[in-house]
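The values are calculated or read from the model by the stated rules, or taken from the named source; none is laboratory data. Predicted model only: the values in this text are computed from it and were never measured. Here the Cβ is made from the backbone with ideal geometry for all residues, glycine too, and neighbour counts use every protein chain on show. SASA here: full protein model, heavy atoms, side chains in, ligands and nucleic acids out. Shrake-Rupley method; radii C 1.70, N 1.55, O 1.52, S 1.80 Å.
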Amino acid sequence: MNKFNYFKPSTLTEASEILRKYGENAHILNGGTDLVVRIREDLLNPEAVVDIKGIEELHHINYNEKEGLTVGACVSLSDMAHNEAVVKHFPVIADSAEVVGSGQIRNLATMVGNNCNASPLADTATPLLALDANLLVYSPEGNKKISIHDFFVGVRKTSLKTGEIVIAIRVPSYTSMKGVFKKASRRKDVDLSTVCTTVVRINNDEIRIALGAVAPTPIRAKKAEGFAKGKDLTDEVVHQIAKLAVEDATPIDDVRGSKEYRLHMVEVLVRRSLEELRY
Amino acid sequence: MVKYVGKSITRVDGTKKVTGDLKYVDDIKMPGMLYAAVKRSIYPHAKIIKIDTSKADALTGVKAVTTGKDFPKRVGLYLADKTFMAVDKVRYCGEAVAAVAAVTEEIAREAVKLIEVEYEELPVVENVLDAMKEDSPLVHPDLGDYKHIPIFHTMPGTNISEHFKLRKGDVDKAFEDSDLVFESDFYVPHIQHCPIENHVAIAQIDREGIITVWASCQSPYAVRAALTDAFEVPAHKLRVISPSVGGGFGAKAGTTLEGIIIPLAMKTKGKPVKLTYSREDEFNNSYVRQAMHSKFKTGVMKDGRIIAVKNQFAWDGGAYTEYGVNIAKSAGFGAVGPYDVANIHCDSYAVYTNNPVGGPYRGFGMSEIHFGIEQNMDYIAEKLGIDPIELRRINAQKPGGRTATNAVVDDACGLLECMDKVIKDIDYYTPSEQPKEPYKVRAKGFACGMKAPSMPNNAASSALIRINEDGTAYLSVSAQDIGQGSDTALIQIAAEILSIPPEKFTINTGDTAHNPYEWQTVASRITYSVGNAIIKACEDIKQQLVQLASIKLGIFPRDLKLEDECIMSTIYPDKKIPIKELALGLNMPDGSGVHGPIMGRGIFVPENIRNFDMNTGLADNPVVFWTYGCYGVELEVDMETGNIRILQVASCFDVGKAINPDLVKAQSEGAIVQGIGSALFEEIIMKNGKFMNPSFMDYKIPTSNDMPEMKVSFVENPQKDGPFGARGMAEPAMIPAAPAIVSAFYNATGVKINELPLTPERVIKALKGKNN
């Protein structure tokens, strides 16, 4: 591993200053489960590594009906997945967090990190997309909110600017929401998604479908959603939605799966999710 | 009455492994230690035009730099085709071209980046079938000049480094006589062993020129032989220490990174130089299991008798086949698996390509050939309308029958017994209960397998036992406990004969300066071969004790026996003397001593194991034994996602005698899990000569959640020359795994898959192919 300067600031202001000072040569260290691997493999070579785990306010997780669920940047995936409010109100988020990496990874990794990493196959990105989550961001010019829909720009690229730090992810509360997360992988556990999907049903009327690992960023299957709006989930409708979901997917071939297999799996996973949502 | 053999005593190395007290090579830290890093080829096949190490030499902290030119002598276990670092050209992507020793790992790696290598790319030999074509570029144009053991048949001017021919009976005539003739072909990809401990070695040279190598290796004496040959140093000046090994499976059977650090140690006199492989190195730069294409033409009679087999095995040996040639040979003499076939025409080829170096892997070719052999049995059974188990019973090798090489099948062949046991344990004839999800299907499958140790006819073992003055003992051997439990089983054998309880033994292994010769810890031969040497060492001790006790007790030797740590009269049980009182010899009434310390010496080499005929491959006694057994598998296929879950596996092997039944079961369970990995997940993906998935991110092995329910058993038809009747079982126990899984998959889906692994994607593709 190459040399770098390690900083562990205790305030966002301080952290942001270091990030701005080093610019492109700085990288935030949160759980470290992606960053450390990438440094070790020489894919990243930062001059400064800014550990944000010393910033107390990033470690909170809260839920209230008005604001919804707020998951601080440094809350580990395991803590989040076992949080009472998450299990009760957003089981679909807990389910997606429970299949990221291994137990050891989940004890370190965070949902904010999983999303800031901006991998097309981030497991926790699909429920956030489906639930219209927002990212609460510290910015030197004043805190701001970025919609998850504006956050992913490309493979490993987000809309964050130099010096900006995600404080938390906020998921709005829903009065009637059911969701299903599904993941296709080569092995049952400790594997990356070949494809992952989240399908949610809101107020028995609206269907939202988010897909991972089938485009440069996690995406929503808008065509299928438009078709599903207001329809009863009959067998025929379920099949049609699943087929339409494939149309928004533009996957690539790689060692984890071919384009054809990924498209096939989008249809299977979306269909199975919808079948579960009927009941 | 046996007291210790056949009992499941607790592993003697258990506590130190569980607590972490056991130190592995990478745990060794020494004053002044240097760290090595290796410059590796970025091309699969290229001429080395120039290597400029000047910038690396100049880097502060760098103590030595070496390239292949420093030691260009070719070496190898069976065929001397490799140098430890590339000399004139590189033959696979990742081959070592230069190495650096520096005061820290970071500096060593930085220095490696500064080494500039100029290459001229050569056409890449990517595929074994292309490599065998006449117009293929040659990976080793000088093959004709390489030294090799005369039992191998190299083909200079081609990429074929071994052609093993088996010619039995008259296949052409037998095909004419057959009622039906079937043809089929199969492919198994490259896979890797994935031991939990990566390769690691340290080398140090003192001022007298004595080289000490600490290595995580299976066979210290084989490492010594390779290194003394390559570096032209006398054996007594090269000491190999292997304090402990965290898994081998064949990957640590040969000599690899040790040869890279010795030249560095020679240049940094006195300072130890350590090289630790990363997991990526382990995948790409240790050994891989060779990929293999097999083709079968089978002639059968309507009653199910197989009368002719013509087959070909094409092994992708990779860049060097110093070890791989013997895998090809083993496949050739295994030829048709555990079946008795009168007419066989088998060609098995070891072939050079520009892929990673192929080497020994648990099963030594047998898992690969049985993948085809056993699927072929299912296929033939279906075509003939005969139950696949019945077809196997009809053709099985049975006592008095013939093996592929025309040797008489030993009376101890218990294949049919194993089959009965597995059929019962898996309840083969009761159809699987189907799950409630309509898209999931369950079914059962079955496969047989067999294996013999593949080793030189004179592969030898030795053992030394020293009795301490308190009646405890040291057992010194060079068998390596690589996880299989040999330390425990070998102590049990010595304990049994000497009547000294196992807890009174300490076993010493892994040091060529202090422990006696052992050919290699491979081939599932240790319990058999070292066990026999230990028995002889014990007999030696017993004879000395009886002689001394005879003097002391005034009883004729024939009336004395060894029991409960005493030499006692067989007639008057109260007349006895404890071993410990004789440990340093006998004290006479006048105070004088007789004989001196008790030490036992045991040596063993198998008797009358003879070469194969070079033209026909036939042989009447070519191997020490065949181990037979079988698997039954039940699995569940998700017909929409292609994911497979193995629900239960039953396995049974004829082990001769289980010295420690729990260890036999543990080996069987490990074999099942490794077999599942090879069948469902494991595959090295090569693209343009590059290894695309050299990490656990994209090379998957089973996790604890993939474990099936396992019903492991064994039968015991004693091996005539085995210690207490034992024969090897650790490798055979994996062989039927993949074909049994594929058989169950076929029974579930009606779809044949003739290549591994059964990834969800491959499954879906096959299922869609069926529907179209």
Cα centroid separation - the range B:539-617 against the range B:243-268, whole Å:
39 Å
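Take the cross-link list B:Lys173/B:Lys297; A:Lys183/B:Lys711; B:Lys398/B:Lys451 and give me the ones stretching past 20 Å between alpha-carbons.
Values: B:Lys173/B:Lys297 13 Å; A:Lys183/B:Lys711 31 Å; B:Lys398/B:Lys451 15 Å.
Where the Cα-Cα span goes over 20 Å, the pairs concerned are A:Lys183/B:Lys711.
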Full-stretch length increase - B:Asp27, B:His514 - with 0.36 nm per residue and alpha-carbon distance subtracted
173.2 nm
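Given 20 °C and 1.002 mPa s, compute D for the range A:56-171 with the Stokes-Einstein relation, Rh being the Kirkwood radius over Cα pairs; round to the nearest whole µm²/s. List each step's numbers first, then the result.
Working: Rh = 14.0 Å.
In µm²/s, the coefficient is 153.
Counting Lys and Arg as +1 and Asp and Glu as -1, each charge on the Cβ, what is the dipole of the range A:5-54 about the Cα centre in debye, to the nearest 20?
120 debye
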Any aspartates and glutamates whose Cα falls less than 18 Å from that of B:Lys752, other than same-chain ones fewer than 8 residues away, would be B:Glu183, B:Asp185, B:Glu368, B:Glu374, B:Asp378, B:Glu382, B:Asp387, B:Glu634, B:Glu636, B:Asp638, B:Glu640, B:Glu761
Normalise the Debye intensity by I(0) for the protein assembly as shown, one equal point scatterer per Cα, no solvent, then take log10 at q = 0.05, 0.06, 0.09 Å⁻¹ and round to two decimals.
-0.37, -0.53, -1.13
Residue by residue through A:184-193, how many Cβ atoms from other chains fall within 10 Å of the Cβ on average?
6
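When the helices in chain B are scored as -39500 (n - 2.57) per DSSP H run of 4 or longer and the sum is shared across all residues, what 222 nm value do you end up with, to the nearest 500 deg cm²/dmol? Before the final figure, lay out the partial values.
Numbers: 18 runs with 196 residues, N = 772.
Result for chain B, helices only: -7500 deg cm²/dmol.
Viscosity 0.890 mPa s, temperature 25 °C: what is the translational diffusion coefficient of the range A:5-54 from Stokes-Einstein with a Kirkwood Rh over Cα pairs, rounded to a whole number of µm²/s? List each step's numbers first, then the result.
Values: Rh = 10.8 Å.
It diffuses with D of about 226 µm²/s by this estimate.
Using a 1.4 Å probe on the protein heavy atoms, what percent of the accessible area of chain B belongs to carbon and sulfur? Mind showing how you got there, number by number?
Working: 14430 of 28410 Å².
Within chain B, the accessible surface is 51 percent carbon and sulfur.
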The rounded separation in angstrom of the Cα centers of the range B:66-98 and the range B:413-462 is 41 Å
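About the Cα centre of chain B, how large is the charge dipole given +1 on each Lys and Arg Cβ and -1 on each Asp and Glu Cβ? Please answer in debye to the nearest 20.
Details: 84 positive and 96 negative charges, 164 e Å.
Dipole size: approximately 780 debye.
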For the range B:459-604, what is the relative contact order in percent, using Cα pairs closer than 8 Å and at least 6 residues apart in sequence?
32 percent
Largest first, please: the extent of the C-alpha atoms of chain A along each principal axis, to the nearest Å.
58, 44, 32
Checking the cross-link filter: which lysines have an alpha carbon closer than 19 Å to that of B:Lys575, excluding same-chain neighbours under 8 positions apart?
B:Lys542, B:Lys552, B:Lys561
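If you take the beta carbon distance between B:Asp411 and B:Lys16 as r and set R0 to 41 Å, what does 1/(1 + (r/R0)^6) give as a FRET efficiency, to the nearest 0.05? Before the final figure, lay out the partial values.
On the way: r = 41 Å, r/R0 = 1.01.
The formula returns an efficiency of 0.50 here.
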Rg and Dmax in Å for chain B, alpha carbons only: what are they?
27.2, 97
Taking the Cα atoms of the range B:459-604 alone, what are Rg (to one decimal) and Dmax (as a whole number) in Å?
15.8, 53
Just checking the protein assembly as shown: which Cys have no other cysteine's beta-carbon under 4.7 Å?
A:Cys74, A:Cys116, A:Cys196, B:Cys93, B:Cys194, B:Cys217, B:Cys346, B:Cys413, B:Cys538, B:Cys566
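Based on Cβ point charges of +1 for Lys and Arg and -1 for Asp and Glu, what charge dipole magnitude is obtained for the range B:1-85 about its Cα centre, in debye rounded to the nearest 20? Please report the intermediate quantities before stating the final value.
Details: 17 positive and 8 negative charges, 46 e Å.
That gives the range B:1-85 a dipole magnitude of about 220 debye.
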Rounded to the nearest 10 degrees, what's the angle between the helix A:235-247 long axis and the longest principal axis of chain A, both from Cα atoms, 0 to 90?
40 degrees
